[in-house]
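Accompanying notes for the structure given below.
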Amino acid sequence: MREIGHFIGGKQVKGKSGRTADVYQPMTGEVIAKVALASKQEVREAVENAKAAQPAWAATNPQRRARVMFKFLELIAKETDSLAELLAREHGKTIPDAKGDIQRGVEVIEFSCGIPHLMKGEFTESAGTNIDLYSMRQPLGVVAGITPFNFPAMIPMWKFGPAIACGNAFILKPSERDPGVPMRLAELMIEAGLPAGILNVVNGDKEAVDAILDDPDIKAVGFVGSTPIAEYVYTRGTAHGKRVQCFGGAKNHMIVMPDADMDQAVDALVGAGYGAAGERCMAISVAVPVGKKTADTLVEKLIPRVESLKIGPSTSNDADYGPLITKQHLEKVKGYVDLGVKEGAKLKVDGRNFKMQGYENGFYMGGCLFDEVTPNMRIYKEEIFGPVLSVVRARDYSEAVDLPSKHEFGNGVSIFTKDGDAARDFASKVEVGMVGINFAIPVPLAYHTFGGWKRSGFGDLNQHGPDSIRFYTRTKTVTARWPSGTKAGADFSIPTMK
Ligand code: NAD
């Protein structure tokens, strides 16, 4: 059985805590590895390595730091196929989708290659007589990232790419459910020329997370995962005086206006609703057709598409989606479908009894489609994170804008319409962090920022893009007077530049 330890001080090390967790291959249901769960002492060991290595890395000029990122891009490009295969085996998503997971991470590394430009400060000559004023961005020191199971390549790269480019040392605590890819990414960073100790991976569960949150040498923590844990990490981390940003769960709506191209809307809904088995924080889980006629047409067109979704093992190249992450999660998602039926929603397509031939122990589930879901139902209020789409019928446009705006989550939202005026009004008014117009999964590109509102995001800076540089650096401002401009005599009033 493959054993996965930690990556500390530039190399793989065995776990010492005596505690491990099973890593499953969701397409067959087998346990394929054991991952070590770090103790507080092991986290501390990683922090000490990081702390010792960080000053020299911060003093390495930004062009040289960027060169490591460029080299990493070359190495990852050579290894995309094998990384995607490993990712698909541990996570369950299909190979093409696993390649997308890697690619969206790579794009943030590409962004981080611009660090010499991104970290430039500001300068004002002659802010007063013979006085120059300048500000500079400096790294924080040792920082950490805690990441979820659903993007085991992309989200670790979103976190460590900008942080390391800024001159910090990084402690990554990836999901214990699919740790293989993050461990390989750390090895590739070392092969690319990153000094030992600058990127460490500690595998683990709550014990490792708490050790990170309580460690006085860790200055900032970036978290992505479910909302209850996001809130916990934010509260505990900030109580220790750390800079913390936490991105949580979602319930993303797609509004379908009466003038929308219905075929495009249906294509978008099946792709964004069921892709990756619905295990994406930007998956569409609620369709909101406006008006009865739109709703009837939409549901009628959706039913055969959901019934004919192609579900397959992760290694299949033509499956629409693969298995869910664990048996426990599969049971939870099925439980939500049972609940929806009890709550009175109309289950138009029932995928609960789907069995994958030849893979009977895998964690598969067929697509489910609910109609006539109402905002008081738990299947509407809570994140399901599976292949389940709920149709909530809105009487008019204003009711459609209100639904996502009043929902406790505010990650992504989308509107399908040909009316530019309605689209513009929607983008301006809706209380959600990321908006798509005729675009179902509006994940911003690497050079913009990503972040949800309300209980989908805690903290005030987004991830990647310019906010990531702000998050992983602090600004120092220097006021310098040159001796030739200094008048004799003490001045006891507050300095002004009059
Ligand atoms: P999770 O909250 O279970 O786990 C996230 C991380 O927290 C993991 O590293 C895990 O080990 C750790 N963790 C779990 N329980 C903990 C506890 N009790 N105390 C301390 N740490 C704990 O999330 P998940 O199931 O891995 O990922 C799915 C969730 O992530 C979904 O809710 C999804 O919407 C969300 N997500 C959000 C975004 C976003 O950007 N908003 C992106 C991807 C995923």
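Brief remarks follow.
- Heavy-atom SASA rank of LYS120, LYS93, LYS346 (probe 1.4 Å, accessible area, largest first): LYS120, LYS346, LYS93
- Looking at segment 340-389, the GluC sites (Glu not before Pro) that sit in a DSSP loop and have at most 16 other Cβ atoms within 10 Å of their own Cβ are GLU360, GLU372, GLU382.
- Considering only segment 252-437, percent of DSSP beta bridges that pair antiparallel, nearest 5: 15 percent
- Rounded to the nearest 10 degrees, the angle from helix 154-165 to the longest Cα principal axis of the chain is 10 degrees.
- Think of each Lys and Arg Cβ as +1 and each Asp and Glu Cβ as -1; about the Cα centre, that makes the dipole of the chain roughly 1240 debye.
- Folded to 0 to 90 degrees: helix 262-274 orientation relative to the chain principal axis, Cα: 70 degrees
- Separation of alpha-carbon centers, segment 375-416 and segment 86-163, rounded to whole Å: 31 Å
- Largest to smallest in accessible area, the residues SER390, SER398 fall in the order SER398, SER390 (1.4 Å probe, all protein chains included).
- Heavy atoms of THR477: accessible area, 1.4 Å probe, square angstrom to 10: 90 Å²
- Global geometry of the chain, whether rounded, prolate or oblate, following the gyration tensor of its Cα atoms and the 1.5 cut on a/c: oblate
- The packing ranking, built from the mean of other Cβ atoms within 10 Å per residue, places the peptides 421-428, 48-55, 219-226 in the order 219-226, 48-55, 421-428, highest first.
- Anisotropy class of segment 21-79 from Cα gyration tensor, a/c 1.5 cut: oblate
- Pairs from the table (LYS206/LYS346; LYS11/LYS219; LYS310/LYS429; LYS34/LYS355; LYS14/LYS71; LYS11/LYS251) lying more than 32 angstrom apart at Cα are LYS206/LYS346; LYS310/LYS429; LYS11/LYS251.
- Cα gyration tensor, segment 167-206 - rounded (a/c under 1.5), prolate or oblate: oblate
- Estimated FRET transfer efficiency when R0 is 35 angstrom, pair GLU30-LYS78 (beta carbons, to 0.05): 0.75
- In the chain, the longest principal axis of the Cα atoms and the axis of helix 420-429 are about 60 degrees apart.
- The peptide list 246-255, 157-166, 125-134, 447-456, put in order of mean Cβ contacts within 10 Å with the highest first, becomes 157-166, 246-255, 447-456, 125-134.
- Between the beta carbons of GLU408 and ASP267, assuming R0 = 35 Å, the FRET efficiency works out to 0.75 to the nearest 0.05.
- Ranked from largest to smallest solvent-accessible area, with a 1.4 Å probe on the protein heavy atoms, GLU122, GLU431 come out as GLU122, GLU431.
The values are calculated or read from the model by the stated rules, or taken from the named source; none is laboratory data. As the structure is a prediction and not an experimental result, all values here were calculated from the model. All Cβ positions, glycine included, derive from the backbone under ideal geometry; neighbour counts span all protein chains shown. We work out accessible area using only protein heavy atoms, side chains counted, and drop any ligands, DNA or RNA first. Shrake-Rupley method; radii C 1.70, N 1.55, O 1.52, S 1.80 Å.
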